[in-house]
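The values are calculated or read from the model by the stated rules, or taken from the named source; none is laboratory data. Only a predicted model underlies this, so the values are computations on that prediction, with no experimental measurement involved. Cβ sites come from the backbone with ideal geometry, for glycine too, and all protein chains shown count toward neighbours. Ligands, DNA and RNA are excluded from the accessible area calculation, which covers all protein heavy atoms including side chains. Shrake-Rupley method; radii C 1.70, N 1.55, O 1.52, S 1.80 Å.
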Amino acid sequence: MKNGVGFVRSCFKERAKVVEELAARKEGFRDLCDDFLTAHDEKLQWEGSSAPERGERIAEYQELIDSMRIEIEQALDRAAIVPFGPPRR
């Protein structure tokens, strides 16, 4: 079984705690992490390929990875914002 959350944690080591907390609360974020790992693995497969479309596929996966990285960073930024609590009495 793939562990996208673990992979994302290793890519964003300085934000590993936020990754874990967000993954524990949001299924959509866990799915994004799994997709990020899948795209990374697929790119690695194409890098080892000698198929004529190798370069095109690597570029496509890199574009996908870059896009998902931005999406992950934005999700982590939103999760790191601490909402104001009720006023203290």
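A few remarks follow.
- Lone unmet requirement of (1) of a type outside the set (Lys, Arg); (2) modelled with pLDDT under 95; (3) open to solvent by 80 Å² or more (accessible area, probe 1.4 Å) for GLY85: (3)
- When segment 23-34 is filtered for residues that are open to solvent by 80 Å² or more (accessible area, probe 1.4 Å) and either in a helix (DSSP H, G or I) or in contact (Cβ under 8 Å) with a residue 60 or more places away in the chain (or both), the ones remaining, listed by number, are ALA24, ARG25, GLU27, ARG30.
- Given (1) surrounded by fewer than 17 Cβ atoms within 10 Å (Cβ to Cβ); (2) touching a residue at least 40 places away in the same chain (Cβ under 8 Å), index of the condition VAL8 fails: (1)
- Each residue in segment 1-43 was checked for being of a type in the set (S, T, N, Q) and farther than 16 Å from ASP66 by Cβ, and 2 pass.
- Qualifying position, being assigned to a helix (DSSP H, G or I) and at pLDDT below 95, among ALA79, ALA39: ALA79
- Selection status of ALA59, at pLDDT 95 or above and open to solvent by less than 90 Å² (accessible area, probe 1.4 Å): yes
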